[in-house]
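The values are calculated or read from the model by the stated rules, or taken from the named source; none is laboratory data. Because the structure is a prediction, the values reported are computed rather than measured. Here Cβ is always computed from backbone atoms with ideal geometry, including for glycine, and neighbour counts include all displayed protein chains. When the accessible area is computed, the model is the full protein with side chains, heavy atoms only, and any ligands, DNA or RNA have been set aside. Shrake-Rupley method; radii C 1.70, N 1.55, O 1.52, S 1.80 Å.
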Number of protein chains: 2
Amino acid sequence: MHNIKIEQTSQPKEKPAPDQLGFGHYFSDHMFVLDYTEGIGWHDPRIIPYQPISLDPSAMIFHYGQSVFEGLKAYITVDGEALLFRPDANFKRLNRSNERLCIPAIDEQLALEALKQLVAVDREWIPTAPGTSLYIRPFIIATEENLGVHPSKKYQFIIIMSPSGSYYKEGINPVKIMVEQQFVRAVKGGTGEAKTGGNYASALKGQEIADREGYSQTLWLDGKENRYVEEVGSMNIFFKIAGTVVTPELNGSILPGITRDSMIQVLKSKGIPVEERRISIDEVVEAYHNGTLEEVFGTGTAAVISPVGELKYLDEKMSINKGEIGEVSQMLYDTLTGIQYGKIEDSFDWTIRL
Amino acid sequence: MHNIKIEQTSQPKEKPAPDQLGFGHYFSDHMFVLDYTEGIGWHDPRIIPYQPISLDPSAMIFHYGQSVFEGLKAYITVDGEALLFRPDANFKRLNRSNERLCIPAIDEQLALEALKQLVAVDREWIPTAPGTSLYIRPFIIATEENLGVHPSKKYQFIIIMSPSGSYYKEGINPVKIMVEQQFVRAVKGGTGEAKTGGNYASALKGQEIADREGYSQTLWLDGKENRYVEEVGSMNIFFKIAGTVVTPELNGSILPGITRDSMIQVLKSKGIPVEERRISIDEVVEAYHNGTLEEVFGTGTAAVISPVGELKYLDEKMSINKGEIGEVSQMLYDTLTGIQYGKIEDSFDWTIRL
């Protein structure tokens, strides 16, 4: 058994009103912390009151970006139970990210147990209004006090939790995205498939350009040929072309999204043809021109599904499905959120009820 | 005038013995801090006792890697004066990194003034033994408490300083480096030319492989074709081929090293042919085979010059200049360190005496 110490807060915070939540602004009363020291390993798992992190200015996280993170959610089901969606998949991916970033692996079972206990302690922080959830952010930072460039000898693994509002307040709203030409998010051999800070820092510039042109996100092409579709900002991307759903294969520079994987499994279970393969932007444009580009959507933990209503590439603005959500997108959204809120049976064994 | 507040420490630390210094382990008594808040701009410049940084666990630096840094040195000259080497170039580059990372530009004049005052306050921390120096680390971190992915609305610009030992205790020792095949450091359109944490995090894996194979650093090829030489771990790279010194041109994915630039200027001033251009690893191998690869060396703030005694590519181990430092490498080392320690005249106007 993992001996996780729990120190309850003596000053519980006031919870924000459900319509004030937004994303990532408010944090629950407690956090989980686990330390790593070279020669000792991961040690001292504890749940403590939510509090600042105090580090020496030479701590490596401030200089060399050695960090990884995850994102998942806890939901209150229609039966009033607390539910986690595929947390085991998140901790498995965290360890894959660790491997790429030279961070020592965590004990996935300990992490899952810690998360369950943390959610239990802060259960009242899971919002209950329709569409709301408790966003969970596990992350690891390099904390050794040393300016030499080498893998850190000290780390902290931390889990914080943030009550989050409904992503779609007024029904599902298709987004406009644009293909980035000048900047690159990731390249094969780089860190693209790891969930690490540098990928997000690198992508900010594309987002800035998209904002300026009135688009909500960037569609990234591959870093080698600037030709093959990779992913959208913080989402994986899917195209429905002539009845078949196509998504870029995991090639080393694409984040292996857990929502992406869930969508593929749902599509297969429904008998809808789905392909993971290389897809060029030219193929997408051609499908648009010959009328077979039926749906485009992004997938991710935050929104589950983001239908794409307009896709801009070079000077061409492609309107997808008249700017409305498509049938398959809607089905996927209903199925996944149905499972997450306990409205429909979880035949995939994805959920853990606390 | 910039009004920089100074709070002197009441508890000065003991200074480490000169032979204990190493690199990046010890820090001086004070640090400089400048805050940024959206709507206000950079504000509240202050020199305060060296102390921990306390941040909310949701501070963006812990999640999305939005950070930049610099590295430079202060020296005590043979005349006993404190000297800075090209600090203006560092703050100019910091602002170029800021631009790529969507961080608001700093006032370079204020930064320089702050640095001068900080070095003056901690002047006793500049070690005086031969080859030692005070390593200076300016850095900027994103501090907004928010899990949304966007440029932070709050930052801290901090300068810390670390007395550093002589890089070459027993004469200049050529290093063995190997060409990385599997992993990639950076790609055109990415963040390679910015001095940001993610580049260093990405490169750790190559370093791990080099360590395992008995090499001290990784030579990175370009991310698109895996063919053109980019840079070595934390240094820029130069090849002397048939009398001409060649270094990869600044193509967007290579760090624009200030030592690199200084070396090019010194070479030109001495009438030695120098070319900044694309150079493939095949050209290097060919030069080795036909006997024209005369010298290979890396350049950087820490070591000034690192002669390369062995270069490994695929299964071939190329011994350079019989594993000894070459004439040009030695001349460049002597010239640059001569200027830095005030032994020879600074005809380039690179140094600032305090």
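Would you point out the residue of region B:129-149, among those that are modelled with pLDDT of 95 or more and at the interface with chain A (Cβ under 9 Å from one of its Cβ atoms), that is most open to solvent (accessible area, probe 1.4 Å)? The qualifying residue most open to solvent (accessible area, probe 1.4 Å) is B:145. Residues of region B:1-31 that are of a type in the set (Asp, Glu) and more than 12 Å from residue B:127 (Cβ to Cβ): B:7, B:14, B:29.
When residue A:19 is tested against (1) within 11 Å of another protein chain (Cβ to nearest Cβ); (2) farther than 24 Å from residue A:117 by Cα; (3) surrounded by fewer than 15 Cβ atoms within 10 Å (Cβ to Cβ), exactly one condition is not met: (1).
Under the condition of being over 30 Å from residue A:340 (Cα atoms) and more than 7 Å from chain B (Cβ to nearest Cβ), which residue from region A:51-73 is surrounded by the fewest Cβ atoms within 10 Å (Cβ to Cβ)?
Initial filter on region A:51-73 (over 30 Å from residue A:340 (Cα atoms)): A:52-66.
Going one step further and asking which of them are more than 7 Å from chain B (Cβ to nearest Cβ), we end up with A:59-60.
Working: A:59: 22, A:60: 30.
Ranking the candidates gives A:59 first.
Confirm whether residue B:43 is open to solvent by 20 Å² or more (accessible area, probe 1.4 Å) and over 25 Å from the mean Cα position of the chain (by Cα).
Against the criterion (open to solvent by 20 Å² or more (accessible area, probe 1.4 Å) and over 25 Å from the mean Cα position of the chain (by Cα)), residue B:43 qualifies.
Has region B:190-200 got at least one residue that is buried (at least 24 other Cβ atoms within 10 Å of the Cβ), touching a strand residue (DSSP E or B) at 6+ places or on another chain (Cβ under 7 Å) and within 8 Å of chain A (Cβ to nearest Cβ)? So far as region B:190-200 goes, yes, one or more of its residues are buried (at least 24 other Cβ atoms within 10 Å of the Cβ), touching a strand residue (DSSP E or B) at 6+ places or on another chain (Cβ under 7 Å) and within 8 Å of chain A (Cβ to nearest Cβ).
Of all the residues that make up region B:205-218, how many are touching a helix residue (DSSP H, G or I) at 6+ places or on another chain (Cβ under 8 Å) and open to solvent by less than 20 Å² (accessible area, probe 1.4 Å)?
Going through region B:205-218, the residues touching a helix residue (DSSP H, G or I) at 6+ places or on another chain (Cβ under 8 Å) turn out to be B:205, B:216-218.
The next check asks that each one be open to solvent by less than 20 Å² (accessible area, probe 1.4 Å); those that pass are B:205, B:218.
Total satisfying the criteria: 2.
Of the residues making up region B:291-324, those that are assigned to a strand (DSSP E or B) and either of a type outside the set (Ser, Thr, Tyr) or closer than 24 Å to residue B:259 by Cβ (or both) number 20. Looking only at residues that are modelled with pLDDT of 95 or more and in contact with an Asp or Glu (Cβ under 7 Å, 6 or more places away or on another chain) in region B:321-330, which one is most open to solvent (accessible area, probe 1.4 Å)? Among residues in region B:321-330 that are modelled with pLDDT of 95 or more and in contact with an Asp or Glu (Cβ under 7 Å, 6 or more places away or on another chain), the one most open to solvent (accessible area, probe 1.4 Å) is B:321.
Evaluating residue B:29 against the criteria (1) in contact (Cβ under 8 Å) with a residue 60 or more places away in the chain; (2) open to solvent by less than 10 Å² (accessible area, probe 1.4 Å) leaves one unmet condition, (2). Of the listed requirements (1) in the same structural domain as residue B:30 (by TED's automatic domain parsing); (2) free of Cβ contacts under 8 Å to residues at least 24 places away in the same chain; (3) open to solvent by less than 10 Å² (accessible area, probe 1.4 Å), residue B:158 misses just one: (2). Of the residues making up region B:78-91, those that are closer than 14 Å to residue B:354 by Cβ and open to solvent by less than 10 Å² (accessible area, probe 1.4 Å) are B:82, B:83, B:84, B:87. In the set (1) within 12 Å of another protein chain (Cβ to nearest Cβ); (2) open to solvent by 30 Å² or more (accessible area, probe 1.4 Å), the condition left unmet by residue B:152 is number (2).
Within region A:232-259, being more than 14 Å from chain B (Cβ to nearest Cβ) and closer than 25 Å to residue B:190 by Cα holds for A:236, A:237, A:238, A:247, A:248, A:249, A:250, A:254, A:256, A:257. Among the conditions (1) of a type in the set (Ser, Thr, Tyr); (2) touching an Asp or Glu at 6+ places or on another chain (Cβ under 7 Å); (3) part of a strand (DSSP E or B), residue B:152 misses just one, which is (3). Which condition number in (1) within 7 Å of chain A (Cβ to nearest Cβ); (2) more than 20 Å from the chain's Cα centre (by Cα) is the one that residue B:180 fails? Status for residue B:180: all satisfied but (1).
In the set (1) small (Gly, Ala, Ser); (2) closer than 30 Å to residue B:15 by Cβ; (3) facing chain A (nearest Cβ under 10 Å); (4) more than 16 Å from the chain's Cα centre (by Cα), residue B:206 fails one condition alone, (2).
Does region B:30-50 hold any residues that are within 27 Å of residue B:100 (Cβ to Cβ) and within 14 Å of another protein chain (Cβ to nearest Cβ), and which are they? So that I can check it myself, show each step before the final result.
So in region B:30-50, the residues within 27 Å of residue B:100 (Cβ to Cβ) come out as B:31-45.
Of everything in region B:30-50, those that are within 27 Å of residue B:100 (Cβ to Cβ) and within 14 Å of another protein chain (Cβ to nearest Cβ) turn out to be B:31, B:32, B:33, B:34.
The strands (runs of 3 or more DSSP E) located wholly in region A:218-263 that include 3 or more residues which are more than 18 Å from the chain's Cα centre (by Cα) and not charged (D, E, K, R) occupy A:244-247.
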